[in-house]
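Heads up: the structure comes next, in structure tokens.
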Ligand code: ADP
Ligand code: MG
């Protein structure tokens with residue numbers, strides 16, 4: 001019996017794996033079970049057309065543990081392999097011959113930690129993964145219709161042997177002799193029934209054939225003897241029962257007529273341990289270039305415990321009921337990372353030897369379609385149940401907003417219809433609703449920004465805009481302003497902060513009158529600016545302040561809110577970002593008259609008044625007043 005060598009590329013892969021490039025050793029079981037399941041599929045299919053004497057109910061996969069011998073056997077009664085097939089299939093990895101993923105492996109090896117490795121860990125390499133946990137693998141197999149079987153045996157990279165073997169039944173036994181335990185890895189733990197059971201649950205719960213295992217129970221039994229008082233004596237004994245450990249029914253694989261939305265929601269509660277109902281459910285059965293089934297949920301509530309950032313990307317990727325990736329972040333963009341659920345595609349092959357890049361492309365196609373569905377479902381919710389949508393937006397709106405700003409606004413057009421903003425009358429509107437309500441004459445989208453909704457609504461500059469009958473969007477986070485920066489405009493109408501200089505609706509006459517007045521008061525305004533120094537960049541008169549004496553506004557893209565936000569930035573450069581402050585003074589207010597009088601008579605007094613006005617404006621805008629002692633002194637001196 002001559003030892004044969006693995007083909008070069010197989011040997012290489014084996015070396016890589018055995019040298020534990022794989023962190024995720026436990027997937028070996030998933031790989032062997034899915035091979036067993038495939039083999040059963042084939043024989044079951046054959047049974048439809050020819051008389052094999054077998055029916056659906058006869059097929060099963062058994063896991064057999066022998067602690068003494070330190071072996072695990074994965075047994076199936078599927079199609080089996082002929083001797084030639086065993087050599088061909090188990091002796092070569094890339095049957096396609098091109099071994100395309102070699103490059104990926106090289107990269108993974110070179111790049112060591114990180115992404116590439118985890119990709120490989122997710123997909124697996126089929127049969128060979130057995131060598132991650134076993135130092136010897138024996139395959140006993142007999143093909144359907146053949147008289148004799150085959151024994152294939154290998155101790156790893158150096159090669160394998162093949163002989164004839166008398167096997168009584170059709171099918172395949174894959175017997176793993178587990179490696180000795182090391183400090184890093186207790187291979188013996190795979191001999192524990194609970195561990196195998198957990199692995200089957202995790203990766204193979206939805207394999208459609210029963211996976212059976214002997215499980216020990218403690219059973220109470222009557223000994224036949226009696227206590228002194230005449231009652232029967234009981235004792236416990238260990239009984240072994242053969243149990244099916246997978247649940248087999250992937251509910252997302254079943255049609256709407258078989259499984260109702262309520263069934264899906266019940267599944268959601270159990271699976272994610274979330275007592276709240278999801279606010280939307282997306283079910284997809286796509287057939288075409290890429291086929292897949294999906295069952296996605298939009299959670300009803302952000303539940304702190306389960307929504308840390310590491311905990312996101314809750315879409316699990318399956319192929320034919322076999323779990324490939326528990327949290328597949330390649331399907332949906334981060335802005336939809338609150339979505340939970342399952343995607344199952346037979347087109348995403350378990351076998352890594354089919355080019356990885358191909359997987360990525362397929363995942364992207366699926367992801368794109370799913371994102372459209374998720375968005376559609378959210379829009380529907382927005383139309384049909386606004387309070388529920390508002391609740392959703394309260395929980396996950398931040399993700400959408402970040403998505404609008406991400407990657408230089410690449411996704412803004414896709415996401416902008418999902419945004420909601422506070423407006424007058426305590427309502428929340430979409431940008432489209434705001435746009436539709438705009439009067440003909442309105443040339444810009446107005447917004448007011450402050451730390452709270454109350455403060456934003458109370459900003460003095462709002463009055464002029466409201467007075468024109470224009471709606472205002474109230475923003476309470478700098479992120480909102482960044483969203484507007486990202487969007488740039490709404491159907492050509494620019495976003496305008498009510499606190500900026502030019503609101504875009506002053507008539508020419510008004511502008512001229514204002515200019516004339518500025519010239520008239522130039523000297524005084526320059527004096528105020530000089531007095532205040534760097535605290536403000538500009539001082540001007542304003543008609544927009546209604547009953548208030550003054551206000552602090554900004555010019556340019558950076559608002560006071562943004563400045564405050566950047567103060568907490570880890571980047572030194574960002575922390576230096578300052579808004580260009582403008583002190584606006586109301587010429588119709590008594591304060592201005594007093595300032596004017598003082599300027600003409602007593603410059604020191606005028607300087608004091610200017611400083612007081614500036615502090616009032618700062619306080620109103622929510623800016624910290626730096627020199628409170630100085631301010632107290634100034635005000636006290638007025639008495
Ligand atoms: P893949 O399953 O992606 O084809 P594997 O490395 O897992 O790759 O398996 C290689 C091949 O070996 C399978 O395609 C199949 O032909 C054969 N094989 C593996 N396990 C079994 C089994 N239990 N019964 C029959 N054939 C098997
Ligand atoms: Mg396989």
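Observations on the structure shown:
- Considered as a group, the residues in the range 43-61 that are more than 23 Å from residue 147 (Cβ to Cβ) and under 41 Å from the mean Cα position of the chain (by Cα) include one that is nearest to ligand 2 (Cβ to nearest atom), and that residue is 61.
- Members of the range 271-286 found to be at pLDDT below 90 and over 20 Å from the mean Cα position of the chain (by Cα), listed by number: 275
- Residue list for the range 472-521, restricted to those being out of contact with any strand residue (DSSP E or B) (no Cβ under 7 Å at 6 or more places or on another chain) and in a loop (DSSP other than H, G, I, E, B): 476, 477, 488, 491, 492, 502, 505, 506, 507
- Hits in the range 11-33 - residues which are away from ligand 1 (no atom under 11 Å from the Cβ) and either at pLDDT 90 or above or not in a loop (DSSP other than H, G, I, E, B) (or both): 11, 12, 14, 15, 16, 17, 18, 27, 29
- Taking residues in the range 33-49 that are closer than 19 Å to residue 321 by Cα, and partners anywhere that are near ligand 2 (Cβ under 10 Å from one of its atoms) and in a helix (DSSP H, G or I), the pairs with Cβ atoms closer than 8 Å and at least 6 places apart or on different chains are 35/126; 35/127.
- Neighbours by Cβ (under 8 Å, 6+ apart or cross-chain): first from the range 126-139, without any contact (Cβ under 8 Å) to a residue 40 or more places away in the chain; second within 9 Å of ligand 1 (Cβ to nearest atom) and part of a strand (DSSP E or B): 138/173; 138/174
- Looking only at residues of the range 581-602 that are more than 16 Å from residue 549 (Cβ to Cβ) and surrounded by 12 or more Cβ atoms within 10 Å (Cβ to Cβ), we find that the one that is nearest to the chain's Cα centre (by Cα) is 581.
- Considering 420, 332, 370, the condition of being buried (at least 18 other Cβ atoms within 10 Å of the Cβ) and closer than 30 Å to residue 467 by Cα is satisfied by 420 alone.
- Condition check for residue 544: in a loop (DSSP other than H, G, I, E, B) and at pLDDT 85 or above: no
- Residue identified as at pLDDT 75 or above and out of contact with any helix residue (DSSP H, G or I) (no Cβ under 8 Å at 6 or more places or on another chain) among 2, 8, 69: 69
- Test: residue in the range 107-114 that is surrounded by 21 or more Cβ atoms within 10 Å (Cβ to Cβ), more than 16 Å from ligand 1 (Cβ to nearest atom) and at pLDDT below 50: yes
- Restricting 552, 524, 609 to those that are touching a residue at least 12 places away in the same chain (Cβ under 8 Å), crowded, with 21+ Cβ neighbours inside 10 Å and in a helix (DSSP H, G or I) reduces the list to 609.
- The range 57-74: number of residues that are crowded, with 19+ Cβ neighbours inside 10 Å and either closer than 18 Å to residue 206 by Cα or out of contact with any strand residue (DSSP E or B) (no Cβ under 8 Å at 6 or more places or on another chain) (or both): 4
- Filter result for residue 78 (within 16 Å of ligand 2 (Cβ to nearest atom), at pLDDT 95 or above and in contact with a helix residue (DSSP H, G or I) (Cβ under 8 Å, 6 or more places away or on another chain)): yes
- For the range 34-46, a tally of residues being more than 9 Å from ligand 1 (Cβ to nearest atom) and over 15 Å from residue 170 (Cβ atoms) returns 0.
- Among (1) part of a loop (DSSP other than H, G, I, E, B); (2) at pLDDT below 95; (3) at negative phi, the one test that residue 156 misses: (3)
- Flag for residue 275 being in contact (Cβ under 8 Å) with a residue 12 or more places away in the chain and either part of a strand (DSSP E or B) or in contact with a helix residue (DSSP H, G or I) (Cβ under 7 Å, 6 or more places away or on another chain) (or both): no
- The one condition in (1) in contact with a strand residue (DSSP E or B) (Cβ under 7 Å, 6 or more places away or on another chain); (2) more than 21 Å from residue 129 (Cα to Cα); (3) surrounded by 14 or more Cβ atoms within 10 Å (Cβ to Cβ) that residue 143 fails to fulfil: (1)
- Strands (runs of 3 or more DSSP E) lying entirely in the range 307-376 (those with 2 or more residues that are within 16 Å of ligand 1 (Cβ to nearest atom) and either at pLDDT 75 or above or touching a helix residue (DSSP H, G or I) at 6+ places or on another chain (Cβ under 6 Å) (or both)): 314-319, 322-325
The values are calculated or read from the model by the stated rules, or taken from the named source; none is laboratory data. Here the structure is a predicted model, which means the values were calculated and not measured. With ideal geometry, Cβ positions are generated from the backbone for all residues, glycine too; neighbour counts draw on all protein chains shown.
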